[in-house]
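Taken together, the values in this text are just the output of simple stated rules run on the coordinates, not laboratory data. What you see is a predicted model; the values in this text were computed from it and never measured. Every residue, glycine as well, gets a Cβ built from its backbone with ideal geometry; the counts of neighbours run over all protein chains shown.
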Amino acid sequence: MARQKVWMKLPEKPDAKAITPEEKANIILACDRFIAEVLKSRFLPEIRPTEWNYCIDIQGKWAAGRYRFIQRYRVGSGENAGEEFDAPFARLSRMGVDRFDIDWMRHTGQWWKLYRALSLSDALHTLEHDGTLHPL
């Protein structure tokens, strides 16, 4: 008698990293509020044009389970005067339900993990008080 292979589909485990649209919207809302109330009022109360690169905005973007905090710069002089570019300075990496790692953008262009497994409120509090994570 020949043996036959039988394939069974195992039950799927709930993915701790899966995010619902409501949770994503709440994270974005909290981070946008943090940018408007804390970062912009503290680090960009007014735009001061210079002959060098100068910051014109602080914003955030969600991508691939991470929320990046970004400074928008404008070139002040030279042949590229008026051009703009983005420079991320910190990001929240969602690691599970209300668990975030905080990464810092090094001058080398690499992300460096500074904090692990914080709640969203603790992560935003850390971003506010840790000078390493502040925009330049």
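Observations, loosely collected:
- About its Cα centre, the dipole of the stretch 21-133 is roughly 300 debye, where the only charges are +1 on Lys and Arg Cβ and -1 on Asp and Glu Cβ.
- Calculated SAXS-style log₁₀ I(q)/I(0) at q = 0.13, 0.22 Å⁻¹ - the stretch 21-133, Debye, Cα scatterers: -0.52, -1.25
- Arranged from fewest to most other beta-carbon atoms within 10 Å of their beta carbon, 89, 43 become 43, 89.
- Listed from fewest to most Cβ neighbours within 10 Å, the set 67, 54 follows the order 54, 67.
- Cβ-based exposure ranking for 42, 94, 74, 66, in which fewest neighbours within 10 Å come first: 42, 66, 74, 94
- By DSSP, the beta bridges lying fully in the chain are antiparallel in about 100 percent of cases.
- Per residue of the chain, the DSSP helices (runs of n ≥ 4 H) give a summed -39500 (n - 2.57) that works out to -6000 deg cm²/dmol at 222 nm.
- Charge-dipole axis of the chain as Lys and Arg at +1 and Asp and Glu at -1 on Cβ define it, positive-most pick from 134, 121, 77: 121
- Crossing angle, helix 120-129 versus the chain [Cα axis fit, 0-90 degrees, rounded to tens]: 30 degrees
- Rounded to the nearest 20, the size of the Cβ-charge dipole of the stretch 67-130 about its Cα centre is 240 debye, with Lys and Arg at +1 and Asp and Glu at -1.
- C-alpha long axis of helix 21-34 to longest principal axis of the chain, angle in °: 20 degrees
- Taking every C-alpha pair closer than 8 Å and separated by at least 6 residues, the mean separation divided by the residue count of the stretch 21-133 gives a relative contact order of 16 percent.
- Each Lys or Arg adds one and each Asp or Glu subtracts one; over the other residues with Cβ under 12 Å from the Cβ of residue 44, this totals +2.
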